[in-house]
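Asks: My questions will all concern the structure given below.
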Amino acid sequence: MGGSRPSSTPPGRAPAGASATSPTCAGWSTGPPSGAQAWWASTRCTPDPVALQPNSPYSPSSRRWRDPLYLTIEDVPGADALPDLAALVATGRALSDGARIDRTAVWAHKRGALEQLWDRFGGDPAFDRYRYEQGEDLATWATYCALVDHHGTGWHGWPAGHQEPGSPAVQRYAATHEREVGFWAWLQWLLDEQLRASGAADVVVADLAVGFDAGGADAWQWQDLLAEGVRVGAPPDLLGPDGQDWGLPPFVPWKLRDAGYQPFARTIRAVARHARGLRIDHVMGLFRLLWIPPTMGAADGAYVRFHGKELLDVVALESVRAGALVIGEDLGTVEPGVREVLADAGVLSTRLLWFEDEPPATWPRQAMAAVSTHDLPTVAGVWTGVDLADQHAAGVTVPADGDEEMRHHLRAAGHVDDSASVEQVVLAAHRRLAEAPSVLVTATLDDLLGAEHRPNLPGTVDEHPNWRIPLPVPLDDLPGHDRAEAIAAALAEGR
């Protein structure tokens with residue numbers, strides 16, 4: 001059994017506190033009554049270190065490095081010597097008490113505290129070892145961050161000498177700005193240390209995003225391997241009736257192959273570090289991706305094939321090195337034969353109550369079973385009609401029967417009628433889900449805590465507060481929460 005957590009965080013805890021809250025989640029879920037064996041956390045890869053922070057974690061500057069928003073300031077070496085530590089912590093917590101998560105405000109507050117600590121940092125052999133072990137990749141990332149601080153985001157608009165990571169001008173900049181470059185390397189070391197020390201690494205299933213921002217660090221480092229001007233997405237389907245344009249640049253298949261798949265291997269290695277498992281978002285992208293030409297929409301895109309079996313070999317090698325199981329998010333449009341190839345490679349499929357006509361007891365063992373994900377409605381959202389109202393308010397194309405198909409799945413799975421309360425429906429759905437023989441059976445925190453709004457509404461940007469909706473209950477209050485305890489017990493009893 002497992003739990004899952006989107007990248008939104010609750011009131012009472014600043015969004016940057018994931019390293020602190022992961023032990024709360026993992027400790028609660030792995031102990032009585034749930035006895036969970038894994039904790040899936042949505043991607044924590046990092047955006048550009050700019051003042052205005054983006055909300056979506058799935059369009060990162062880099063997939064290999066972690067977001068410093070997740071640092072816990074009071075656990076940073078030397079923090080106890082700060083004269084205003086208590087005030088800093090109190091302000092950070094207060095920033096998450098609103099109806100929406102404000103990452104920009106949190107980052108401004110957190111960066112100020114981290115810069116104070118960096119100014120006081122006198123060195124550490126463990127930090128030196130980390131920089132040596134991470135080598136050129138960390139040096140490139142830290143230099144990129146320093147350049148973003150200097151020039152602003154969007155490396156295409158930088159001076160010509162700074163647009164190429166290996167240029168003499170970039171090397172000179174790094175050499176003459178060692179203090180600035182060192183700060184960004186230090187943040188990654190802190191993140192690595194806090195994740196390792198949390199103990200959550202024993203249960204965390206890390207998330208690999210489909211791609212990265214065209215103006216970000218990974219694109220800067222590997223620009224010669226990308227299809228310039230092209231974006232990837234998905235055709236119209238149940239997840240996105242209008243299709244989806246993710247705005248992410250794809251690798252050119254033959255260029256990636258000629259590079260020995262090093263960018264892909266290094267990304268897998270970084271994401272799987274300190275993790276028990278790896279979930280690959282849109283795993284079908286290993287075989288083909290929908291390329292969208294400039295000025296066109298998702299419905300006008302065309303599929304471009306990749307060497308899927310070779311990429312799977314890389315996944316197999318790196319996951320074995322990390323000791324991590326692999327889960328493929330194979331929802332939406334999947335070409336024939338792909339699920340069979342993934343199964344042969346030992347990749348777990350994904351099965352959701354919303355989409356399956358057969359009862360969970362008939363689902364495959366080699367799968368992760370769940371009711372929903374961060375891109376789909378919560379049980380409370382469907383049962384109360386809030387999710388349908390959110391879709392209408394955002395101008396999203398809604399099926400002719402609205403959410404009736406999902407309500408039907410809930411009635412059938414839980415043997416309930418329309419008079420049932422949200423709590424009864426959520427509990428009944430998870431009791432039925434527990435009958436699945438799948439390797440992993442998961443519940444989202446949104447359903448455990450009765451959230452009505454889904455974390456992310458595909459096909460929207462500003463029309464819906466994606467990734468900014470806090471959970472209705474602070475994570476610190478998760479242990480002892482009646483509904484969460486009841487659902488966890490139901491899942492444990494059915495396993």
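The values are calculated or read from the model by the stated rules, or taken from the named source; none is laboratory data. Everything quoted here is computed from the prediction, not taken from an experiment. Cβ atoms come from the backbone with ideal geometry, glycine included; neighbour counts cover every protein chain shown.
Asks: Tell me which residues, restricted to the range 292-318, are surrounded by 17 or more Cβ atoms within 10 Å (Cβ to Cβ) and part of a helix (DSSP H, G or I). Please lay out each step first, then the result.
Replies: Of all residues in the range 292-318, those surrounded by 17 or more Cβ atoms within 10 Å (Cβ to Cβ) come to 292, 298, 301, 306, 308, 311-312, 314-315, 318.
A298, G308, L311, L312, V314, V315, E318 - these are the residues of the range 292-318 that are surrounded by 17 or more Cβ atoms within 10 Å (Cβ to Cβ) and part of a helix (DSSP H, G or I).
Asks: Here's something else I'd like to know. Of the residues G161, G122, G135, G112, which single one is more than 30 Å from the chain's Cα centre (by Cα) and in a helix (DSSP H, G or I)? Step through it out loud before you land on a result.
Replies: Values: G122 fails: in a helix (DSSP H, G or I); G135 fails: more than 30 Å from the chain's Cα centre (by Cα); G112 fails: more than 30 Å from the chain's Cα centre (by Cα).
Checking each option against the conditions leaves just G161.
Asks: Something else: Restrict the check to the range 412-419 and report whether at least one residue is hydroxyl-bearing (S, T, Y) and surrounded by fewer than 22 Cβ atoms within 10 Å (Cβ to Cβ).
Replies: Going residue by residue through the range 412-419, those that are hydroxyl-bearing (S, T, Y) are 419.
Then drop every residue that is not surrounded by fewer than 22 Cβ atoms within 10 Å (Cβ to Cβ), which leaves 419.
Looking for residues that are hydroxyl-bearing (S, T, Y) and surrounded by fewer than 22 Cβ atoms within 10 Å (Cβ to Cβ), one finds at least one in the range 412-419, hence yes.
Asks: Only one of (1) touching a residue at least 12 places away in the same chain (Cβ under 8 Å); (2) in contact with a Gly (Cβ under 6 Å, 6 or more places away or on another chain); (3) more than 22 Å from P250 (Cβ to Cβ) is not met by S167, so which one is it?
Replies: (1)
Asks: Answer yes if at least one residue in the range 440-449 is hydroxyl-bearing (S, T, Y) and farther than 22 Å from P470 by Cα, and no otherwise. Break it down into steps so the answer makes sense when it comes.
Replies: Pass one, the range 440-449, residues hydroxyl-bearing (S, T, Y): 442, 444.
Keeping just the survivors that are farther than 22 Å from P470 by Cα gives none.
Scanning the range 440-449, I find no residue that is hydroxyl-bearing (S, T, Y) and farther than 22 Å from P470 by Cα, so the answer is no.
Asks: Considering every residue within the range 334-348, establish whether at least one is on the phi < 0 side of the Ramachandran plot and assigned to a strand (DSSP E or B). Please lay out each step first, then the result.
Replies: First, pick out the residues of the range 334-348 that are on the phi < 0 side of the Ramachandran plot: 334-336, 338-345, 347-348.
With the extra rule that they be assigned to a strand (DSSP E or B), the set shrinks to 348.
Taking every residue of the range 334-348 in turn, at least one turns out to be on the phi < 0 side of the Ramachandran plot and assigned to a strand (DSSP E or B).
Asks: Take the range 252-277 and flag every residue that is of a type in the set (F, W, Y) and either closer than 19 Å to D207 by Cβ or touching a residue at least 40 places away in the same chain (Cβ under 8 Å) (or both). Before the answer, list the steps.
Replies: Just the residues of the range 252-277 that are of a type in the set (F, W, Y), to begin with: 254, 261, 264.
Those that are of a type in the set (F, W, Y) and either closer than 19 Å to D207 by Cβ or touching a residue at least 40 places away in the same chain (Cβ under 8 Å) (or both): Y261, F264.
Asks: Additional query: Is it the case that the range 363-382 has a residue that's without any contact (Cβ under 8 Å) to a residue 40 or more places away in the chain, of a type outside the set (D, E) and within 15 Å of G414 (Cα to Cα)?
Replies: yes
Asks: Could you list, in sequence order, all residues of the range 246-287 that are among the small types (G, A, S) and closer than 25 Å to L457 by Cβ? Full working, then the answer.
Replies: The initial filter retains those residues of the range 246-287 that are among the small types (G, A, S), namely 247, 259-260, 265, 270, 272, 275, 277, 285.
Listed by number, the residues that qualify are G247, G285.
Asks: Is it fair to say A443 is of a type in the set (G, A, S), out of contact with any helix residue (DSSP H, G or I) (no Cβ under 6 Å at 6 or more places or on another chain), surrounded by 24 or more Cβ atoms within 10 Å (Cβ to Cβ) and under 29 Å from S56 (Cα atoms)? Before you say what the answer is, go through the steps one by one.
Replies: Numbers: of a type in the set (G, A, S): yes; out of contact with any helix residue (DSSP H, G or I) (no Cβ under 6 Å at 6 or more places or on another chain): no; surrounded by 24 or more Cβ atoms within 10 Å (Cβ to Cβ): yes; under 29 Å from S56 (Cα atoms): yes.
No, not satisfied.
Asks: Of all residues in the range 320-333 being over 18 Å from the mean Cα position of the chain (by Cα) and either among the small types (G, A, S) or in a loop (DSSP other than H, G, I, E, B) (or both), which is nearest to T267 (Cα to Cα)?
Replies: To start, the set of residues in the range 320-333 that are over 18 Å from the mean Cα position of the chain (by Cα) comprises 320-323, 332-333.
Narrowing further to those that are either among the small types (G, A, S) or in a loop (DSSP other than H, G, I, E, B) (or both): 322-323, 332-333.
On the way: A322: 13, G323: 16, G332: 24, T333: 25 Å.
Residue satisfying both the conditions and the ranking: A322.
Asks: Shifting gears a bit: What single numbered condition from (1) without any contact (Cβ under 8 Å) to a residue 60 or more places away in the chain; (2) loosely packed, with under 13 Cβ neighbours inside 10 Å fails to hold for Q134?
Replies: (2)
Asks: Turning to a different aspect of this structure: Could you say which residue among R483, R468 is in a helix (DSSP H, G or I), farther than 25 Å from P236 by Cβ and among the basic types (K, R)? Break it down into steps so the answer makes sense when it comes.
Replies: Details: R468 fails: in a helix (DSSP H, G or I).
Criteria check complete, one pass: R483.
So that you can scan it fast, the table gives a plain yes or no per residue for (1) under 21 Å from the mean Cα position of the chain (by Cα); (2) crowded, with 18+ Cβ neighbours inside 10 Å; (3) among the small types (G, A, S); (4) assigned to a strand (DSSP E or B):
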residue	(1), (2), (3), (4)
G260	no, no, yes, no
P263	yes, yes, no, no
A270	yes, yes, yes, no
M284	yes, yes, no, no
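Asks: Of everything in the range 230-252 that's among the aliphatic types (A, V, I, L, M) and surrounded by fewer than 21 Cβ atoms within 10 Å (Cβ to Cβ), which residue is modelled with the lowest pLDDT?
Replies: Within the range 230-252, the first condition is being among the aliphatic types (A, V, I, L, M), and the residues that meet it are 230, 232, 234, 238-239, 248, 252.
Checking the rest, the ones that are also surrounded by fewer than 21 Cβ atoms within 10 Å (Cβ to Cβ) come to 230, 238-239, 252.
Details: V230: 98, L238: 69, L239: 63, V252: 99.
My answer is L239.
Asks: Here are the criteria: (1) within 20 Å of G229 (Cα to Cα); (2) buried (at least 22 other Cβ atoms within 10 Å of the Cβ); (3) modelled with pLDDT under 95. Tell me which single one L289 does not satisfy.
Replies: If we test L289 against (1) within 20 Å of G229 (Cα to Cα); (2) buried (at least 22 other Cβ atoms within 10 Å of the Cβ); (3) modelled with pLDDT under 95, just (3) comes out false.
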